[in-house]
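Report on the following structure.
The values are calculated or read from the model by the stated rules, or taken from the named source; none is laboratory data. Note that the structure is a prediction, hence the values are computed from the model and not measured. Backbone-built Cβ (ideal geometry, glycine too); neighbour counts: all protein chains shown.
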Amino acid sequence: MAKKILIADDEQNIVISLEFLMKREGYEVSVANDGDEAARRIRAEKPDLVLLDVMMPKKSGFEVCQEVKSNPELQSVRILMLTAKGRDTEVAKGLALGADAYMTKPFSTKELVERVRSMLAER
Amino acid sequence: MLSGTVVVAASFAYLLVLFAVAWYGDRRAEQGRSIIANPWTYAMSLAVYCTAWTYFGSVGRAASGGVWFLPIYLGPTLAMSLSWVVLLKMIRISRTYRITSIADFIASRYGKSHLLGGLVTIIAVVGMVPYIALQLKAISSGYSVLTGSDDSGVFPFATASWFNDGTLYVALTLALFTVLFGARHLDAAERHEGMVAAIAFESVVKLLAFLVIGGFVTWGVYEGFDDIFTRAYANPELAALLSLKTASSAGYGGWFALTLLAMLSVIFLPRQFQVTVVENVNEQHLRRATWLFPGYLLLINIFVLPIALGGLLYFGQGTVDPDTFVLSLPLAHGERALALLAFVGGFSAATGMVIVETIAVSTMVCNDLVMPLLLGTERFKRSNHPDLTGLLLGIRRGAIVVVLLLGYLYFRLAGEAYALVSIGLISFAAVAQFAPAMLGGMYWRGGTREGALAGLLAGFVVWAYTLMLPSVAKSGWLDRAFLDYGLFGLEYLRPEQLFGLAGLDSISHALFWSLTANIACYVIVSLARVPTGQEATQATLFVDVFSRGQDAPATFWRGSAQIQDLQPLVARFLGAERARRMFESYARERGVTRIDDLKPDAGLVQFAETQLAGAIGSASARVMVSSVVQEEPLGLDEVMDILDEASQVRAYSHELEEKSRALEAATAELRAANERLTELDRLKDDFMSSVTHELRTPLTSIRAFSEMLLDDPKIDLKDRKRFLGIIVSETERLTRLVNQVLDMAKIESGHAEWHNTDIDMRELVGHAVETTEQLFRDRGATLELDLPDRAPHLRADRDRLLQVMLNLISNAAKFVPGDTGVVRVRLTCETGQLRVDVTDNGPGIQPEQLGVIFEKFRQGGDEHSRPQGTGLGLPISRQIVEHFGGRLWVQSKPGEGATFSFVLPLPPEAGDGPDRAMT
């Protein structure tokens, strides 16, 4: 059964590119355009992995991450945070909140795909 | 009638009681438990102002002049309430510099001048002699009323030959008594606690006695105040007394003169100076006395009019001397005990005055008249008597006796011609001559020795000529001719109409001329010469006594002195034992155990001089001290240097305070600036972070799609085209962003270039609309334009304003719905400004977003439908509009579209026509 991936970002073009990439890898993809929708979809769909943007309207990626990690039912959800703000503090913050990995934008598509693949293979 | 023996016995008994009180007061003082150290005793001792003159004379004055007696008591009341600050300064100065009399005060102030001290003493003696005579007259006339055989006739004063000698005995008895009270021992501060206690006691006795007699007349003889005044009004002559009009026979000028005279007297009478200043133990007492003393005056005057009217009603006018009503009324009603009480009250008032006045005057005579003369003689200089305390006491005792005998002499010479009040006023007018030198000395640095001398001399001569000599002449001891025809037969020199000034009573007349001459000479002569070093020193010490503080008297002295010389010197005048104790305590204050270890510095000399000043006056002390110290006199320049130094130190510390305040302010400013910078730093950081984010976002898409296209050549054509389209648009977005960030940075840093030209806004708005028409056609939306017929030109950068217009219109175009979208652009002329509105029928803006859309990188709209933008368009537009002095704002309700508006101010001349623009 194909792994489920949720793409959470408010930039349409980035969503398009990520969707294309993930579908090409054979994953089942759903999309959320803001923090609220992302949290809702994670609870409802329990994806295997979330590509989570930090700067989103309504709820930031950090908040969503914290919510997911504090919910025992969502233990299996992996989170890969993506951010355009490349500061070290942001990376540290994301990891401290329980994100499983962190990549800064712009990212290499190859690296991203490999990272997603390895994260899903860990179990 | 009372027998002479009874009266004499009662008087002596009373004197014994007084003596007991004084003895008790002295003993308590020695034990350190002073009975006079309270404000009540102090205020009561001030009431020595009320003499036999008050006691007998007020009634006499009221009987002839009605309320005319009042100014003498209004004056002190005013003086106490208005000028207690002056009194406080006198007390402070006297305490600080050990000043023990008015003569000493004036002498010390004007450079420790012997001449001035002597002059003041002579004026005081000459001025006080009539006053003392007045007391003798009161006692003797009182005695004759009590013992006289004829109770209905006029009581002639001192006509019985046996009693002429009797008054002499009274004078001598009082002299003896005064010697016992005030000149038993020497005190460096000239303080007499026992005497003050006795005086306070006397004040109570005379008040009680007067109140009892007043009560007796008012309720015993008549039936209360109403009764007396009703009867008085029934009698036309008496009714006239009660009217202010007839009472002020000399007009308001007379009232003013008398009130002024009394004001000056209560401050400058030698006995008032003695009790108010010299005997003051605590400055705080003065505050209480400022209302206690006037209260006392009020009480003692309550019954003056009732007794005067009662006497006049009972005896009829012109039969009995009104001065004796206090005695004759009780006698006439057979109340002999009451009459005796009244006599004791009057006796009390007289003795109190005589004692204090002669003590004060004798101190002056000794310190400022005899001592300087003595110190000047060769014989005294050669004799090296180790202890002169006996001599000092002897001089004082002699002075007391002489002053009292002078008083007796005046009583014999002039006593018969004058009523009590008139004699008193002559003395008051003499005392008033001290006022210019005293007040000027305390508040004006410019007063000089010659000025004070000239003023006092002029005032005194005029006083003697216009008041003293006429009083003697009227008594028949001088030819009256000069009174009526003027000196040398010159009319304008008539003493009571000097230079033709008529229409004033003799007192007002004399006061006017003497004070005028006094003040004029004082001021003019003082101004003629710059004060010498010595004068300037003393002037500063006196005028600045409050700011200098009590414990650190400035020393303007240079030279050397040995304790071996100073101690024997002080001992000569104060006694060896006293001198030793003084120097020992001074040594303790300086932290030295033995007297011999004292440093022979200026402070020591100052101390020795101050101690001596108390005993022999400041001028004499100066002379004595300079005889044993090698002194280099200070010139005015040097004194001024010392003063300058002090003021420089003050200025410096003031400057320091200012600086530290400035420093605090600067610190606060720096802190604020630092906070602002930190805040700016944070904002810049945020800005950079936002820019980074905004740059990376399009880069992310571009990189992702480029890599995908590169990696996978087999992507189908449709996707490929779509991806390339995205890449192109994201690149455009990047370009726009970079341009706008640079634009923003330029405008914010002030480096932007502005090419201002005259702009027709109609044309500009029209152009903006044309430029964006394609955009609207693409979206299927409508653009409406609403322009006025004409609009004034304004001066601005055309491209920038176009940028604002395009930003607003394209923003609106992005947000309106595709088919039904309408954007209306409107230009209107308002007073002094042009207004542009861009209205759309889009989704509107949430209230919480209204504020933030003008912030950088904060885009409005829903994330789904949000059109592409950098988030810098509105902030830049607002900066541009504000650069030209305008305002950009938005009004919107969610669901009802939004209106972005801006106004631009017109130049002041706009619309006045091209001519004006040409010039």
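From the set of residues in segment A:1-13 that are closer than 17 Å to residue A:82 by Cα and surrounded by fewer than 24 Cβ atoms within 10 Å (Cβ to Cβ), which is farthest from the other protein chains (Cβ to nearest Cβ)?
Of segment A:1-13, the ones closer than 17 Å to residue A:82 by Cα are A:5-13.
Next, only the ones that are surrounded by fewer than 24 Cβ atoms within 10 Å (Cβ to Cβ) stay: A:10-13.
Details: A:10: 5, A:11: 6, A:12: 9, A:13: 4 Å.
If we take residues in segment A:1-13 being closer than 17 Å to residue A:82 by Cα and surrounded by fewer than 24 Cβ atoms within 10 Å (Cβ to Cβ), then A:12 is farthest from the other protein chains (Cβ to nearest Cβ).
If you go through segment A:104-114 one residue at a time, do you hit one that is under 19 Å from residue A:14 (Cβ atoms), in a helix (DSSP H, G or I) and under 12 Å from the mean Cα position of the chain (by Cα)?
Yes, that holds for at least one residue.
Conditions (1) under 24 Å from the mean Cα position of the chain (by Cα); (2) of a type outside the set (Val, Ile, Thr); (3) more than 30 Å from residue B:318 (Cβ to Cβ), marked per residue:
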residue: B:65; (1), (2), (3): no, yes, no
residue: B:73; (1), (2), (3): no, yes, no
residue: B:79; (1), (2), (3): yes, yes, yes
residue: B:86; (1), (2), (3): yes, no, yes
residue: B:95; (1), (2), (3): yes, yes, yes
residue: B:109; (1), (2), (3): yes, yes, yes
residue: B:135; (1), (2), (3): no, yes, no
residue: B:142; (1), (2), (3): no, yes, no
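From (1) more than 16 Å from residue B:691 (Cα to Cα); (2) at pLDDT below 80, pick out the condition that doesn't hold for residue B:844.
Single failed check for residue B:844: (2).
Consider residue A:55 against the criteria (1) among the aliphatic types (A, V, I, L, M); (2) assigned to a strand (DSSP E or B); (3) at the interface with chain B (Cβ under 9 Å from one of its Cβ atoms): it satisfies all of them except one. Which criterion is unmet?
Of everything listed in (1) among the aliphatic types (A, V, I, L, M); (2) assigned to a strand (DSSP E or B); (3) at the interface with chain B (Cβ under 9 Å from one of its Cβ atoms), residue A:55 misses just condition (2).
Taking interchain pairs and intrachain pairs at least six residues apart, which have beta carbon atoms under 6 angstrom, with the first residue in segment A:17-33 and away from chain B (no Cβ under 12 Å) and the second crowded, with 21+ Cβ neighbours inside 10 Å and in a helix (DSSP H, G or I)?
A:29/A:22
Confirm whether residue B:818 is at pLDDT below 80 and either over 30 Å from residue A:32 (Cβ atoms) or not in a strand (DSSP E or B) (or both). Steps first, answer last, please.
On the way: at pLDDT below 80: yes; either over 30 Å from residue A:32 (Cβ atoms) or not in a strand (DSSP E or B) (or both): yes.
Judged against the criteria, residue B:818 is a match.
Mind counting the residues in segment A:44-93 that are in contact with a Lys or Arg (Cβ under 6 Å, 6 or more places away or on another chain) and aromatic (Phe, Trp, Tyr)?
Residues that pass the stated criteria total 0.
Taking the condition of being of a type in the set (A, V, I, L, M), over 14 Å from residue B:355 (Cβ atoms) and surrounded by 15 or more Cβ atoms within 10 Å (Cβ to Cβ), how many residues in segment B:18-36 meet it? Before the answer, list the steps.
From segment B:18-36, those of a type in the set (A, V, I, L, M) are B:18, B:20-22, B:29, B:35-36; that's our starting set.
Retained after the next criterion (residues that are over 14 Å from residue B:355 (Cβ atoms)): B:20, B:29, B:35-36.
Retained after the next criterion (residues that are surrounded by 15 or more Cβ atoms within 10 Å (Cβ to Cβ)): B:29, B:35-36.
Of the residues in segment B:18-36, 3 are of a type in the set (A, V, I, L, M), over 14 Å from residue B:355 (Cβ atoms) and surrounded by 15 or more Cβ atoms within 10 Å (Cβ to Cβ).
Residue check: is residue B:29 in a helix (DSSP H, G or I) and in contact with a Leu (Cβ under 9 Å, 6 or more places away or on another chain)?
Working: in a helix (DSSP H, G or I): yes; in contact with a Leu (Cβ under 9 Å, 6 or more places away or on another chain): no.
When the stated conditions are applied, residue B:29 does not pass them.
Can you tell me which residues in segment A:94-123 are facing another protein chain (nearest Cβ under 10 Å), farther than 17 Å from residue A:27 by Cβ and among the hydroxyl-bearing types (Ser, Thr, Tyr)?
A:104, A:108, listed by residue number.
Select, from B:253, B:295, the only residue that is at pLDDT below 85 and surrounded by fewer than 20 Cβ atoms within 10 Å (Cβ to Cβ). Can you show your working first?
Details: B:295 fails: at pLDDT below 85.
Every option except B:253 fails the conditions.
Inside segment A:74-102, can you point out the residues that are in contact (Cβ under 8 Å) with a residue 12 or more places away in the chain and surrounded by fewer than 19 Cβ atoms within 10 Å (Cβ to Cβ)?
Initially, segment A:74-102 is screened for residues in contact (Cβ under 8 Å) with a residue 12 or more places away in the chain, giving A:74, A:76-86, A:90-91, A:93-94, A:97-102.
Once the filter is applied, which keeps residues that are in contact (Cβ under 8 Å) with a residue 12 or more places away in the chain and surrounded by fewer than 19 Cβ atoms within 10 Å (Cβ to Cβ), segment A:74-102 yields A:74, A:76, A:85, A:86, A:91, A:93, A:98, A:100, A:101.
Among the residues of segment B:677-698, is there at least one that is small (Gly, Ala, Ser), away from every other protein chain (no Cβ under 11 Å) and either under 25 Å from residue B:742 (Cβ atoms) or out of contact with any strand residue (DSSP E or B) (no Cβ under 7 Å at 6 or more places or on another chain) (or both)?
Here is the first cut: in segment B:677-698, the residues small (Gly, Ala, Ser) are B:689-690.
Next, only the ones that are away from every other protein chain (no Cβ under 11 Å) stay: none.
No - not one qualifying residue is present in segment B:677-698.
State the number of residues belonging to segment B:776-808 that are surrounded by fewer than 16 Cβ atoms within 10 Å (Cβ to Cβ) and free of Cβ contacts under 8 Å to residues at least 40 places away in the same chain.
Summing the residues that are surrounded by fewer than 16 Cβ atoms within 10 Å (Cβ to Cβ) and free of Cβ contacts under 8 Å to residues at least 40 places away in the same chain in segment B:776-808 gives 4.
Tally the residues that are closer than 17 Å to residue A:54 by Cα and among the β-branched types (Val, Ile, Thr), restricting the search to segment A:104-122. Lay out the reasoning, then the answer.
Going through segment A:104-122, the residues closer than 17 Å to residue A:54 by Cα turn out to be A:104-107, A:112.
When the remaining residues are screened for being among the β-branched types (Val, Ile, Thr), the result is A:104.
Summing the residues that are closer than 17 Å to residue A:54 by Cα and among the β-branched types (Val, Ile, Thr) in segment A:104-122 gives 1.
For the subset of segment B:575-603 comprising residues that are at pLDDT below 75 and in contact with a Ser or Thr (Cβ under 7 Å, 6 or more places away or on another chain), which member is farthest from residue B:366 (Cα to Cα)?
Here the answer is B:600.
Condition (residue is touching a helix residue (DSSP H, G or I) at 6+ places or on another chain (Cβ under 8 Å) and over 27 Å from residue B:286 (Cβ atoms)) applied to segment B:40-57: is it met by at least one residue? Spell out the reasoning first.
First, the residues of segment B:40-57 that are touching a helix residue (DSSP H, G or I) at 6+ places or on another chain (Cβ under 8 Å): B:40-57.
This time we only want the ones that are over 27 Å from residue B:286 (Cβ atoms), so: B:56-57.
Yes.
Among (1) at pLDDT below 80; (2) under 23 Å from residue B:262 (Cβ atoms); (3) surrounded by fewer than 21 Cβ atoms within 10 Å (Cβ to Cβ), there is one condition residue B:89 misses while meeting the rest; what is its number?
Only one criterion is unmet by residue B:89, namely (1).
Kindly list the number of the only condition in (1) within 14 Å of chain B (Cβ to nearest Cβ); (2) under 26 Å from residue A:23 (Cβ atoms); (3) charged (D, E, K, R) that fails for residue A:85.
Only one criterion in (1) within 14 Å of chain B (Cβ to nearest Cβ); (2) under 26 Å from residue A:23 (Cβ atoms); (3) charged (D, E, K, R) is unmet by residue A:85, namely (2).
Suppose we filter segment B:725-744 for residues that are more than 12 Å from chain A (Cβ to nearest Cβ) and at pLDDT 90 or above; how many remain?
0
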